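Participant: I have a structure here, written as structure tokens, and I will follow up with some questions on it.
The values are calculated or read from the model by the stated rules, or taken from the named source; none is laboratory data. In this text the structure is predicted, and so the values were computed from the model without any measurement. All Cβ positions, even for glycine, are placed from backbone atoms using ideal geometry, and neighbour counts span all protein chains on display. SASA here: full protein model, heavy atoms, side chains in, ligands and nucleic acids out. Shrake-Rupley method; radii C 1.70, N 1.55, O 1.52, S 1.80 Å.
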Amino acid sequence: MSTAKKLAPEAVPGIRSWRHRMAEPDMRQRVEVSDDDRTVATAEVTTSEGSGGTARVSLRAEPGHITPGRRASLVDAVLDLPEVQQSARVEAALRLGDGESLHRLQQRCEDVSTRPAGWSALVDANLPPAERAGRAGQHVPDSAGKEPLPGA
């Protein structure tokens, strides 16, 4: 595996992303969402080279209070990655009880199914084609109808 390469963290304040090239043809990326210089949520994303594959995502939020909208911002950042947008499906693992992340996945994906697995919820979903979704790079309002926080 090559050294992590930091990707334009200044492009979106509060969100950082790194890419790692794994054994061909997979790519691993890490996305972090911070709140006041404290990382509050992270995602590990593995995608296959080319289009039509499956993006595998592990979503984690730090314990304690997290500003509402940060978890949804993490899901948005993951789903807006070009490699994820080229995928046809997403398989995600998240902590049981993370309703904000699950709700955003349901908003942005199609044919979403969930099942419990120990302390986690496993999500299988289809990703809409970018031209049909019309959401690439755009943020969907959260469950309260609010836009994500600035810098999220």
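Participant: Enter the accessible area per residue of region 62-107 (Å², integer; probe 1.4 Å; all protein chains in place).
Facilitator: Using a 1.4 Å probe on heavy atoms only, each residue of region 62-107 averages 42 Å².
Participant: I've got another one for you. From largest accessible area down, sort H65, H103; use a 1.4 Å probe on the protein chains.
Facilitator: My answer, sorted largest first, is H65, H103.
Participant: Round to the nearest 10 and report in Å² the accessible area of E49, as given by a 1.4 Å probe over the protein chains' heavy atoms.
Facilitator: It works out to around 120 Å².
Participant: Just subtract the alpha-carbon distance of D26 and H103 from 0.36 nm times their residue separation and send over the number in nm, one decimal.
Facilitator: Gain on stretching D26 to H103: 25.0 nm.
Participant: Additional query: Say each of A93 and S113 gets a label point 7 Å from the Cα, pointing the same way as Cα to Cβ; how far apart are those two points in nm?
Facilitator: 1.9 nm
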